[in-house]
Amino acid sequence: MFSEKLFQRLKNAEHVVVLTGAGISAESGVPTFRGNEGLWKKFKPEELATFDAFIKNPELVWEWYNYRRKLIQEVKPNPGHYALVELENLFPNFTLITQNVDNLHRRAGNKNIIELHGNIEKNYCIKCGKRYDDVNLALEMKVPKCECGGLIRPDVVWFGEMLPIGAWEEAEEAASNCDVFFSVGTSGVVYPAASLPQIAKMNGAYTVEINIERTELSWFMDEVIIGKSGEVLPKLVEKLKEQNFTKILNRWRTV
Ligand code: OAD
């Protein structure tokens, strides 16, 4: 399943970066966006995930986000998420860049996370910017309003919006300065996130894709592993542990 080259690169790696997409949460029961069962097959993004849609019909947009919030609160991180926590502990420098808003990486225990598309459990007022990060606030009200009278919106990136300040810069910097870059469970069609694997590759990283099928990114990847992230990632961690990775940990400890 894994090449010798990958283990060689990982053994010498100081900085490992993982980019995740909706596929990593699929085995937890969170629907992906594309594909036959994807959310964008059943719902129209222009009616639910744009600022114009929110202004036009805040009730509908809140209903949609509350439906997803509830769903996410009811599910748990899966073995793929937990394997990424173990990976974070194996390398001196590890950056997890996610397009997911579901908070499952944080719940699993990863620490160094860049949330490129925001976080569904956080909210802010569109008028004064005040933050409302208690997820229950959103769940209890139909359309929550700020004390200043402004509408409160979910802190997620909608179509046509910029990424959160600093998040892109940090992600680009991490991708440009890593030894191994994994792209996990993303279709690789939403930019700028989808350019990160190429940035990594151009800067000399060994690039690996883990997905249940080939994607738009597969053609330039150094290695494509077809399989479920909840199965492939735990196997990778197991192999790393088997293959005298403790020796490498010792090396790091003495640095
Ligand atoms: P997509 O729904 O576009 O793609 C999910 C990917 O996960 C597909 O390539 C699937 O083949 C793969 N997949 C499904 N199950 C898997 C599993 N168990 N293991 C591994 N891979 C699996 O989701 P994203 O690429 O994350 O943006 O979509 C990117 C952005 O588009 C999202 O962040 C969202 C959406 O519109 C915003 O909300 C701004």
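Of the whole protein surface, residue 128 contributes about 80 Å² of accessible area at a 1.4 Å probe radius. Solvent-accessible surface of protein heavy atoms, probed at 1.4 angstrom with all chains present, puts 221, 1, 202 in the order 202, 1, 221, largest first.
Calculated accessible area for the range 10-135 comes out at 45 Å² per residue, all protein chains present (probe 1.4 Å; ligands, DNA, RNA ignored). Sorted largest first by accessible area at a 1.4 angstrom probe radius, with every protein chain in place, the residues 134, 222, 52, 102 fall in the order 52, 134, 222, 102. Distance between the modelled labels on residue 5 and residue 75, one decimal in nanometres: 3.3 nm (7 Å Cα→Cβ projection). Within the set of other residues whose C-beta is less than 10 Å from the C-beta of residue 159, count the net charge using Lys and Arg as +1 and Asp and Glu as -1. Net charge around residue 159: -3. Let me check I've understood the local charge: for residue 149, count other residues with C-beta under 12 angstrom from its C-beta, Lys and Arg +1, Asp and Glu -1. What total comes out? Taking every Cβ under 12 Å from that of residue 149, the sum is +2. Selection among 99, 163, 13 by position relative to the dipole of the chain gives 13 as farthest towards the positive end (Cβ unit charges, Cα centre).
Amide H contacts under 5 Å for residue 212: 227, restricted to partners 5 or more places along the chain or on a different chain, H placed in the peptide plane at 1.01 Å from N. The charge dipole of the range 86-133, taken about its Cα centre with unit charges on the Cβ atoms of Lys, Arg (+1), Asp and Glu (-1) only, comes to about 340 debye. If contacts are Cα pairs under 8 angstrom and at least 6 residues apart, what is the relative contact order of the range 1-122 in percent? Relative contact order here is 29 percent. Taking all protein chains together, 117, 105 sort by accessible area into 117, 105, largest first [probe 1.4 Å]. Entry note, the chain: relative contact order of 23 percent, from Cα contacts under 8 Å with a spacing of 6+ residues.
Rounded to the nearest 20, the size of the Cβ-charge dipole of the range 1-40 about its Cα centre is 160 debye, with Lys and Arg at +1 and Asp and Glu at -1.
Given +1 at the Cβ of Lys and Arg, -1 at the Cβ of Asp and Glu and no other charges, the dipole of the chain around its Cα centre is 380 debye to the nearest 20. For the range 195-241, applying the loop criterion from DSSP together with a ceiling of 16 other beta carbons within 10 Å to the trypsin sites (Lys or Arg not before Pro) yields 214. Model label points for residue 136 and residue 242, set 7 angstrom from Cα along the Cα-to-Cβ axis, are 4.7 nm apart. Extension gain, residue 219 to residue 191: 0.36 nm times the residue separation minus the Cα-Cα distance gives 8.4 nm.
Summary value for the range 142-249: 18 percent relative contact order, contacts being C-alpha pairs under 8 angstrom separated by 6+ residues.
For the chain, take the longest principal axis of its alpha carbons; what is the angle in degrees between that and the long axis of helix 167-176, to the nearest 10 within 0 to 90? The angle comes out at about 10 degrees. Distance between the pseudo-spin-label points of residue 47 and residue 145 (7 Å out from Cα toward the beta carbon): 2.6 nm. Heavy-atom accessible area for residue 37, with the other protein chains in place and a 1.4 Å probe, reaches approximately 140 Å². Ranking 212, 84, 195 by Cα position along the charge dipole of the chain, where only Lys, Arg, Asp and Glu carry charges on their C-beta atoms, puts 84 farthest toward the positive end.
Against the chain, whose longest principal axis is taken from its Cα atoms, helix 229-242 shows a tilt of about 30°. Relative to the dominant Cα principal axis of the chain, helix 58-74 is inclined by about 40°. Of the solvent-accessible surface of the range 47-186, computed with a 1.4 Å probe over protein heavy atoms with every protein chain present, carbon and sulfur atoms account for 51 percent.
Using a probe of 1.4 Å on the protein chains alone, the accessible area found for residue 59 is around 90 Å².
Amide H to amide H distances under 5 Å link residue 97 with 18, 19, 20, 114, where only residues 5 or more positions off or on other chains count and H is placed in the peptide plane.
The values are calculated or read from the model by the stated rules, or taken from the named source; none is laboratory data. Nothing here was measured: the structure is a model prediction, and the numbers come from that model. Here Cβ is always computed from backbone atoms with ideal geometry, including for glycine, and neighbour counts include all displayed protein chains. SASA here: full protein model, heavy atoms, side chains in, ligands and nucleic acids out. Shrake-Rupley method; radii C 1.70, N 1.55, O 1.52, S 1.80 Å.
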